[in-house]
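One structure is given here, and the rest of the page talks about it.
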Amino acid sequence: VDIGTRQSNRAKLPTLIHSDYDKKSILAAMDKIGHIGRSGKKSPKHFGEGNSDKLFYRLLTQEKFWKINKQKQFQEN
């Protein structure tokens, strides 16, 4: 469930449910979760294989990672 505007301009997928900030919208989005994936078809893995924690840890333990000057640059739209 994607709540609010933080993920604006990001992926729009059938398995990603958007919600406004209010309680009613959030609860409605949570209710939709139970209906996703019940068609019997296997859902595509849009965001990887579910092992991002291991990949991230491996990255953090590499010395060259800590020598990068800028990890992330923010740009105004």
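Packing order of peptides 20-33, 50-63, highest average first: 20-33, 50-63 (average count of other Cβ atoms within 10 Å over each peptide's residues).
For HIS18, the residues whose modelled amide H falls within less than 5 Å of its own, excluding neighbours fewer than 5 places apart on the same chain, are ASP2.
Based on the Cβ-Cβ distance from ARG58 to LYS24, what FRET efficiency comes out when R0 is 35 Å, to the nearest 0.05? So, using R0 = 35 Å, E works out to roughly 0.25.
Bear in mind that the values in this text are calculations on the coordinates, not laboratory data. For clarity, every value in this text was computed on a predicted model and none was experimentally measured. No Cβ is skipped: glycine too gets one built from the backbone with ideal geometry, and neighbour counts run over all protein chains shown.
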